[in-house]
Amino acid sequence: MNIAILSRNKELYSTKRLVEAATARGHDASIVNHTQCYMSIASHKPTIHLKGQEMTGVDAIIPRVGASVSFYGTAVVRQFEMMGVYSLNESVAITRSRDKLRALQLLSRRGVGLPVTGFANTPGDTEDLLKMAGGAPVVIKLLEGTQGVGVVLAETNKAAESVIEAFRGLKANFMVQEFIAEAGGADIRCFVIGDKVVAAMKRQGKEGEFRSNLHRGGSAMLIKITPEERSTAVRSAKIMGLNVAGVDLLRSNHGPVVMEVNSSPGLEGIEEATSSDVASMIIEFIEKNAKRGKTRTRGSG
């Protein structure tokens, strides 16, 4: 099978591991910088080109589309889908999960546990917005933020009002969420492939840090998750339409709550913390499911 990994950086751990795993299982694996691809939007014959050559013979793609290039990256994925190429995660599902507000709305509609979240547009709504999230302390998040960037813990209502005022002054989209104090600065990353959690780790923020992101100095360790947490993670990935996802949960007093569903979860932290060969599991899933034209949306949506 000819598998293309859409990634802008061939040196990234996740990219290299996927190439290794695909090669070890007898496939041809190539790394394609999706930002350098260009497309011919033509009736009945959509094509993708790279460095002056038309890309042909690709059986499956693994999108590793960064948040900063979501618009163009998902357009490239959509073009591959229109060509009948199997995509591990489809363009519509990636777009859905990248829009944090839309993702929470979809999860909420299906009854998945979530932190109480407020979203507003006008400055006059600030007081009620804070009340809605249970009052300070609250977490204020930029909708476009990733890896803990643009996430602020406001410990008083006054501090929250100041942060909201600043974000509004920048014309940034943000949401206000209740702070789950009982989580103790830790979250659980569940790595979902298909209909099961194949690995799970607990990420703990460093001393004095409420964000548990490994990029911010957090640590990771193997954890045994409960049946409810397992079910919540799998359901969340399915609601987004993702075959592979990193689902981030917090343990709250009222059960697991979903913080985020990530369509391009990193492999380094989860493989090191759990000693699981997640990359090979991803390739195995493609082997079982990749068929020409099997993409459900065929580039729609």
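Listed conditions (1) surrounded by 17 or more Cβ atoms within 10 Å (Cβ to Cβ); (2) closer than 23 Å to GLY246 by Cβ; (3) without any contact (Cβ under 8 Å) to a residue 60 or more places away in the chain are all met by VAL65, apart from (3).
State yes or no: is LEU129 closer than 17 Å to SER162 by Cβ, hydrophobic (A, V, I, L, M, F, W, C) and surrounded by 13 or more Cβ atoms within 10 Å (Cβ to Cβ)?
Details: closer than 17 Å to SER162 by Cβ: yes; hydrophobic (A, V, I, L, M, F, W, C): yes; surrounded by 13 or more Cβ atoms within 10 Å (Cβ to Cβ): yes.
Judged against the criteria, LEU129 is a match.
Taking the range 226-238 as the range and being hydrophobic (A, V, I, L, M, F, W, C) and buried (at least 20 other Cβ atoms within 10 Å of the Cβ) as the test, the residues that pass are ALA233, ALA237.
Considering only the range 151-164, I want to know if a residue exists there that is surrounded by 15 or more Cβ atoms within 10 Å (Cβ to Cβ), in contact (Cβ under 8 Å) with a residue 24 or more places away in the chain, within 14 Å of MET259 (Cβ to Cβ) and not assigned by TED's automatic domain parsing to the domain that holds HIS254. Yes, because at least one residue in the range 151-164 is surrounded by 15 or more Cβ atoms within 10 Å (Cβ to Cβ), in contact (Cβ under 8 Å) with a residue 24 or more places away in the chain, within 14 Å of MET259 (Cβ to Cβ) and not assigned by TED's automatic domain parsing to the domain that holds HIS254.
Screening the range 31-149 for strands (runs of 3 or more DSSP E) wholly inside it with 2 or more residues that are modelled with pLDDT of 95 or more returns the ranges 38-40, 47-50, 60-63.
For the range 4-14, a residue qualifies if it is closer than 21 Å to ILE48 by Cα and either surrounded by fewer than 20 Cβ atoms within 10 Å (Cβ to Cβ) or among the acidic types (Asp, Glu) (or both), and the qualifying residues are ARG8, ASN9, LYS10.
Taking the criterion of being modelled with pLDDT of 80 or more and buried (at least 19 other Cβ atoms within 10 Å of the Cβ), the only residue of the range 203-219 that qualifies is ARG203.
Yes/no matrix, rows are residues, columns are (1) farther than 27 Å from MET281 by Cβ; (2) among the acidic types (Asp, Glu); (3) in contact with a Ser or Thr (Cβ under 7 Å, 6 or more places away or on another chain):
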residue: MET1; (1), (2), (3): no, no, no
residue: ILE5; (1), (2), (3): no, no, yes
residue: LYS10; (1), (2), (3): no, no, no
residue: TYR13; (1), (2), (3): no, no, no
residue: VAL19; (1), (2), (3): no, no, no
residue: ALA22; (1), (2), (3): no, no, no
residue: VAL32; (1), (2), (3): no, no, no
residue: THR35; (1), (2), (3): yes, no, no
residue: LYS45; (1), (2), (3): yes, no, no
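Flag set for ILE188, criterion: buried (at least 18 other Cβ atoms within 10 Å of the Cβ), aliphatic (A, V, I, L, M) and assigned by TED's automatic domain parsing to the domain that holds ARG230.
The values are calculated or read from the model by the stated rules, or taken from the named source; none is laboratory data. Treat the numbers as computed from the prediction; the structure is a model and nothing was measured. Heads up, the Cβs are rebuilt from the backbone with ideal geometry, glycines too, and the neighbour counts pull from every protein chain shown.
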